[in-house]
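Peer 1: Attaching a single structure in structure tokens format; questions to follow.
Quick note: the coordinates plus some simple rules give every number you see, no bench work behind them. Note that the structure is a prediction, hence the values are computed from the model and not measured. As a convention, Cβ positions derive from the backbone with ideal geometry for all residues, glycine included, and neighbour counts pool all protein chains shown.
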Amino acid sequence: MTMLQLVIAFLLAIELAAGSRLLKSTSNPSICETIVQGYGYPCLQDTVTTEDGFVLGMQRIPHGINDNTDNNERDPGAATFVMNTPSQSLAFILADQGYDVWLGNTRGSDASLGHISLSNQDKEFWNWSLEEHGKYDLLAMLQLIYNTTGSRSHFIGYSQGTTIGLVGLTQPKVTSLLSSVVLLNPVAFLKNITPPFTIALAHSYLEKFLFSVGINEFNPAKGVVAGELKEVCKIQGIDCSNVLEVAMGMYLKQCNNAYINRTRFPYYLQFLPQSTSTKNLALYTQMIRSGGFDRYDYGSPADNMKYYNQTTPPAIDFSTYPPNLPLLLVTGGEDGLADVPDVQRLLDSLVNCNVTHVFRPECGHADFVWGTNAHIDVYVDVANFLKSIPK
Ligand SMILES: *[C@@H]1O[C@H](CO)[C@@H](O)[C@H](O)[C@H]1NC(C)=O
Ligand SMILES: *[C@@H]1O[C@H](CO)[C@@H](O)[C@H](O)[C@H]1NC(C)=O
Ligand SMILES: *[C@@H]1O[C@H](CO)[C@@H](O)[C@H](O)[C@H]1NC(C)=O
Ligand SMILES: *[C@@H]1O[C@H](CO)[C@@H](O)[C@H](O)[C@H]1NC(C)=O
Ligand SMILES: *[C@@H]1O[C@H](CO)[C@@H](O)[C@H](O)[C@H]1NC(C)=O
């Protein structure tokens, strides 16, 4: 394994749609203060408690910069991206188009480290994976939005955010609160991913080592994890001193001449890296090793029996998805994580759903968020799709 492998797992973990882990907000000052209000946009903070006790932070951009109309006339959206300038960032673009934009932060991210009875220093606090993000975190956020605005939401997910969305869609409680779903670089099947480091990470069973030494919080910048990764970078001969540089070099394909704005790296790095659970890392590495989009593997037939009444973890059941809910998938031909054959398998699994697929042959995984042209390449499609949804 290497730093890069880690970064990949970690990118999956941070670039959430329902969980914008890029956004650091419990610590002072909050994302509202550090980013959103700095550009002159309104920003509100809220919290919501999940059924299993996690206290999640949310930020809300109720309207655009030149607009004071009543919030109740607006559609709530959920968007993750406020990292680039307003004209380049999806959250601001949608706010300016009249959406009420809510930014979600999944459990374990800096904005969502609260719990009704546990401390984030407790091992049990980190006993979850993206399954709980999809089942509990997403539901709680959608309920808060519904209770506040009286409207169902459009969900917009990127990378791990899509995986969470795809888990959430199996829950009728979740889908009843959605009017549409946008999946940018959807990650469900990981059988044909190409980044050698990610693959090597999965096959290194790092999670087993971490569990064995009692590390349930996975943060690439912290303690043993950081040490392990540094060591591995050394062994693999990779310069991992700039996490973003390493990761972006791998994932940005510069479609339509987009590039990563390197002068913003110090700014991005203020918000990185954040924690996820070792269990979440484990679920991803399991998905990579098995090639399936399955539930968490407890590691032995007997333990799986206990949780699932079968010896192997069940697959995520696409047949439960509502057939009419509009889904937009935007995918890239050069994406090594949401790669073409795995996306095709996902599309085949969604045959009974109402899917629109936009394919960008020249784009890679990072282009859709970090590329300087994402607002041209991708967000126009997103905005047009949202406009097409019957109210
Ligand atoms: C972790 O969560 C599972 C349910 O998902 C539960 O059965 C198990 O006891 C929990 N383990 C710890 C250490 O809290
Ligand atoms: C939303 O309102 C319902 C019904 O009043 C309530 O049961 C639920 O706890 C509320 N949830 C949130 C997240 O506000
Ligand atoms: C790149 O980032 C710098 C610093 O944040 C900013 O001033 C500039 O407008 C950005 N350039 C582009 C093309 O987005
Ligand atoms: C467990 O699976 C068996 C065989 O598939 C089935 O007969 C039984 O009803 C299941 N038990 C529970 C508790 O779901
Ligand atoms: C499918 O989604 C489109 C939006 O992409 C929407 O206009 C249409 O009404 C949906 N179809 C059904 C049968 O719900």
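Peer 1: If the limit is 18 Å between Cα atoms, which of LYS123/LYS279; LYS123/LYS222; LYS173/LYS391; LYS135/LYS173; LYS230/LYS279 go over it?
Peer 2: Values: LYS123/LYS279 11 Å; LYS123/LYS222 15 Å; LYS173/LYS391 20 Å; LYS135/LYS173 9 Å; LYS230/LYS279 21 Å.
LYS173/LYS391; LYS230/LYS279, as the Cα separations exceed 18 Å there.
Peer 1: In addition: What are the ³J(HN,Hα) values, in whole Hz, obtained from phi via the Karplus relation 6.51 cos²θ - 1.76 cosθ + 1.60 with θ = phi - 60°, for each residue of the stretch 87-96 in sequence order, with x given for Gly and Pro?
Peer 2: So the J values, rounded to whole Hz, are 6, 10, 10, 4, 4, 6, 4, 5, 4, 5.
Peer 1: To continue, here is another question. Could you pull out every residue, at least 5 positions away or on a different chain, whose amide H is within less than 5 Å of the one on ASP100? Hs are placed 1.01 Å off N in the peptide plane, and Pro or chain starts have none.
Peer 2: Amide H to amide H, under 5 Å and 5 or more residues apart or across chains, ASP100 pairs with ASP75, GLY77.
Peer 1: In nm, to one decimal, how far is the ASP381 label point from the GLN143 one, both placed 7 Å along Cα→Cβ?
Peer 2: Reported label-point gap for ASP381 and GLN143 is 3.4 nm.
Peer 1: OK, next. Would you mind computing, in nm to one decimal, how far apart the modelled labels at LYS234 and GLU51 are, each placed 7 Å from Cα along Cα→Cβ?
Peer 2: A separation of 4.7 nm, rounded to one decimal place.
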